[in-house]
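Everything below concerns the one structure shown next.
The values are calculated or read from the model by the stated rules, or taken from the named source; none is laboratory data. The structure displayed is predicted, hence computed values, not measured ones. All Cβ positions, glycine included, derive from the backbone under ideal geometry; neighbour counts span all protein chains shown. To get the accessible areas, we keep the full protein, side chains included, count just its heavy atoms, and leave off ligands, DNA and RNA. Shrake-Rupley method; radii C 1.70, N 1.55, O 1.52, S 1.80 Å.
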Amino acid sequence: MLSQLNEEQIKPVLDTEGAVLVLAGAGSGKTRVLTSRIAHILKEGKATLSQILAITFTNKAANEMKERIFGAIGEGDGKWICTIHSMCVKILREFADRAGLKSNFSIYSDAERNNVIKRVFKDLGFNNEELLKAAKYHIGNAKMLGLDPDQYGRKFRYERGMDDIVVAYEKYNLYLKENNALDFDDLLLETLRLLRRDGETLSYLSDKFRYIHIDEFQDINSVQYNIIKLLASAHGNIFAVGDDDQSIYGWRGAEIGNILSFDSDFPGAKVYKLERNYRSTGNILKLANAIIKNNRSRRGKVLWTDVGEGVPPEYYNAEEETGEALYAARRIADGVRAGGRYSDYAVLMRINALTRPYEQEFTKYGIPYKVFGGFKFFERKEIKDILAYLRLISNPFDSEAAERIINVPRRGIGGKTLEAMYYYAASYGFSLFDAAVDAEKLPITKGAKQALTDFAALIKGLIIGSVQSPVAQLVRDVITLADLRSAYDDGTAEGDGKLANLDEYVASVDDFCRLNPDATLDEYLNQVTLSSDTDEMDDGDYVTLATIHAVKGLEFPVVFLCGLEDGIMPSSRAEEEGDGLEEERRLMYVAITRAEKMLYLTRSKSRYLYGRRSLTQPSRFIGELAPVLGINSAGSRPQAERFAGYRDTAMHRRALYSEEDSYGAAPESSSAFRAFYAAPKKTDGGGAGKYSVGMRVKHPKFGVGMVIALKNNGNTVNVAFDGQGIKELSASIAPLEIIK
């Protein structure tokens, strides 16, 4: 592995003792450095794999690190190569009695936390939506800061409704305790509290982990940093890899100050820089360096590459968002016709709300896509239902899980029965499942008692079965014995989609069990509960539509960075939040450096967003990049420049539909872009003349329709689809089949 490193990389790999900080620029090979260092420590006999802690921020990154290390040294105990939340779960389950917990605690997601807060408000008799929204924020913020209700109440006593929020926060914590549950922030907080108050546990763990490695160090918050410092207290061998220029999670507590002051916190620490980029072309790196140099809170790096300048990035001004999305669709269609794959492309945006026009245009032209940064696979109702069954089997105290699935599929258990169950449970200090077991004691109808008795018997049987059954078999038993398919098999397309998701979920469990054949149910639930957006990405051939936050750490041959307007990128809140503008600039830097070969920067002069259409202003970041892009500070190109074809005129809009004009791009740019691919394949020369008014056609999404109009010399076709209305399509890329 050492032979694969450059001179910059090999120095921190060989520097194994004491505190080391590596400032790793985007695409500089930080994962290779981390894994090579661990392999080197193992080869030198300085520690065993079980004595090395390597913290990453996604399961995908942890698995990649394990595979690289195992490839170098053979299989081993990679238990402690994991995310920081997974590490905390392992510690808390192993030392549960010392932490004052039961080892089979449930882990509540953010959605489940919000549901509990709603229940707390109902129990307290609070009926104020604004206060509820504020409470959700403040409870999360308090835990992120590591403050209990009294401490937080004193610190933020001037916030509106704080007295009521403190009461809700206290009751929320009590609810979690009664349900033997922790939320994501509790995993960190309880671990920190355990290490601070239990010297014996701290001594054992800090002595065990002889070498500590932290990936994405710029993203850790104060609670995480304090945990790491405590774990490093015995040996002081802490190796942190990060990039201050990619610190983009301040909104969830990440503190850029941790990386800026590392050598102050660890006197004598060595600091190395990785500036050679292996991902992007020289022209893309010019943009990245030009934007980030405007930040003051940074240590300073200049990315460089020896792979060549590549194709110049392009900037496009659309009249409105549909035109912006159509521009991307045409470029993608061009590239795929020239030999590329849909998976070469990503459309990145500051906020997920910008996906709609892209989904609309991509659907029109048969361009496959997936959306990330929005609704995750494991947040779908049908998946959360089966996970609730598994959580209840693992932890019968979990009343949140019990309530979710007590009537899935329908068992005739209504609101009045649930109220009686909660009253009974509260009166005796029981869980909701206990109330189901004691159904005969409840003041409910005979039918409801039988339904609860059957439900309790089902869960009891599954709990007993879980002791012997592997996780994959248990999941199948839950689906079969609970008859979950009947809950979604309603004969509709939506129901079919949910059934397909169940099948996909079973396949994902099989994949997990293949890699982790001895995993327990608790270990499986840990992995699923702590999954992230990037963990769901696969090798399928589709265009990625994603927020910039969702793709940090990933790369794509071609990137469209859209919505470059003030108020979107940078966010309208940026200037109100002190250092917010610098974090937005770092976000722009991250987006630019996701591109390997080609980068498109786009915006719309007007945009429909949040219920109204408004004129927009170009992002100030476009102004900062103007000299590199060859445009003026207002985001327009001088008329004499070769990019004059981008001017938003009626002639240009007509040219968008013209094959000869390559959709408005300068010929030089188009040929350079196509050179990225293999030799272009033969095409039919476009769609002009292919269709005629009155012709019947079929679209894979919209079905059968009739051509009712041709525009732009036949390059644009209007089709009236049965039951779908009129769609205006580009003849050259529309996936239309002529019906003879």
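For the range 428-438, the tally of residues that are assigned to a helix (DSSP H, G or I) and of a type in the set (Asp, Glu) stands at 1. When you check ARG32 against the structure, is it of a type in the set (Lys, Arg) and under 28 Å from ILE292 (Cα atoms), yes or no? Yes; evaluated as a whole, the condition is true for this residue. Look at GLU555 and say whether it is closer than 15 Å to LEU285 by Cα, among the acidic types (Asp, Glu) and either under 18 Å from the mean Cα position of the chain (by Cα) or buried (at least 23 other Cβ atoms within 10 Å of the Cβ) (or both). It is true that GLU555 is closer than 15 Å to LEU285 by Cα, among the acidic types (Asp, Glu) and either under 18 Å from the mean Cα position of the chain (by Cα) or buried (at least 23 other Cβ atoms within 10 Å of the Cβ) (or both).
Within the range 690-710, does at least one residue satisfy the condition of being over 37 Å from the mean Cα position of the chain (by Cα), more than 30 Å from SER280 (Cα to Cα), at pLDDT below 80 and not basic (Lys, Arg)? Within the range 690-710, none of the residues are over 37 Å from the mean Cα position of the chain (by Cα), more than 30 Å from SER280 (Cα to Cα), at pLDDT below 80 and not basic (Lys, Arg). The set of residues from the range 485-496 being of a type outside the set (Asp, Glu) and either part of a helix (DSSP H, G or I) or at pLDDT 90 or above (or both) comprises ARG485, SER486, ALA487, TYR488, ALA493, GLY495.
The set of residues in the range 219-258 that are in a helix (DSSP H, G or I), in contact with a strand residue (DSSP E or B) (Cβ under 9 Å, 6 or more places away or on another chain) and among the β-branched types (Val, Ile, Thr) contains only ILE228. Are any residues in the range 697-721 open to solvent by 20 Å² or more (accessible area, probe 1.4 Å), of a type outside the set (Lys, Arg) and touching a residue at least 24 places away in the same chain (Cβ under 8 Å), and if so, which ones? Residues satisfying the conditions are PRO700, PHE702, VAL704, ASN712, ASN713, ASN715. Look at the range 555-568: where a residue is closer than 16 Å to VAL311 by Cα and a partner is open to solvent by 20 Å² or more (accessible area, probe 1.4 Å) and outside any strand (DSSP E or B), sitting 6+ places away or on another chain with Cβ atoms under 7 Å, you get PHE556/ASP344; PRO557/ASP344; VAL558/ASP344. For the range 286-307, the candidate set comprises residues that are free of Cβ contacts under 8 Å to residues at least 40 places away in the same chain and either part of a helix (DSSP H, G or I) or touching a helix residue (DSSP H, G or I) at 6+ places or on another chain (Cβ under 6 Å) (or both); within that set, the residue that is nearest to LEU5 (Cα to Cα) is THR305. ALA254 - would you say it is touching a Ser or Thr at 6+ places or on another chain (Cβ under 8 Å) and either without any contact (Cβ under 8 Å) to a residue 40 or more places away in the chain or under 30 Å from ASP579 (Cα atoms) (or both)? In short, yes. Within the range 722-738, being more than 22 Å from GLY323 (Cβ to Cβ) and surrounded by 13 or more Cβ atoms within 10 Å (Cβ to Cβ) holds for no residue. Just so you know, in the range 1-31 the residues that are of a type in the set (Ser, Thr, Tyr) and under 28 Å from LEU230 (Cα atoms) include one that is nearest to the chain's Cα centre (by Cα), and it is THR31.
Every residue, every condition in (1) at pLDDT 85 or above; (2) over 30 Å from MET569 (Cα atoms); (3) open to solvent by 20 Å² or more (accessible area, probe 1.4 Å), yes or no:
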position	(1), (2), (3)
ASP477	yes, yes, yes
LYS498	no, yes, yes
GLU504	no, yes, yes
PHE512	no, yes, yes
LEU515	no, yes, yes
THR520	yes, yes, yes
GLN527	no, yes, yes
SER532	no, no, yes
ASP535	no, no, yes
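Within the range 29-49, being in a helix (DSSP H, G or I) and free of Cβ contacts under 8 Å to residues at least 60 places away in the same chain holds for ARG32, THR35, SER36, ALA39, HIS40, LEU42, LYS43, LEU49.
Residue-by-condition table, conditions (1) crowded, with 17+ Cβ neighbours inside 10 Å; (2) touching a Gly at 6+ places or on another chain (Cβ under 9 Å):
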residue	(1), (2)
LEU53	yes, no
THR56	yes, no
MET65	yes, yes
ALA72	no, no
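Within the range 607-627, restricting attention to residues that are surrounded by 15 or more Cβ atoms within 10 Å (Cβ to Cβ) and modelled with pLDDT under 90, the residue that is nearest to GLY282 (Cα to Cα) is ARG607. Cβ separations smaller than 6 Å between residues 6+ apart or across chains give the following pairs from the range 10-25 residues that are within 26 Å of LEU285 (Cβ to Cβ) and assigned to a helix (DSSP H, G or I) to residues that are of a type in the set (Phe, Trp, Tyr) and open to solvent by 10 Å² or more (accessible area, probe 1.4 Å): LYS11/TYR272; PRO12/TYR272. Applying the criterion of at least 3 residues that are within 19 Å of THR56 (Cβ to Cβ) to the helices (runs of 4 or more DSSP H) found wholly in the range 74-140 leaves 84-94.
So that you can scan it fast, the table gives a plain yes or no per residue for (1) open to solvent by 30 Å² or more (accessible area, probe 1.4 Å); (2) touching a residue at least 40 places away in the same chain (Cβ under 8 Å); (3) of a type in the set (Lys, Arg):
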| residue | (1), (2), (3) |
| --- | --- |
| ILE139 | no, no, no |
| ASP148 | yes, no, no |
| ARG157 | yes, no, yes |
| ASP163 | yes, no, no |
| LEU176 | no, yes, no |
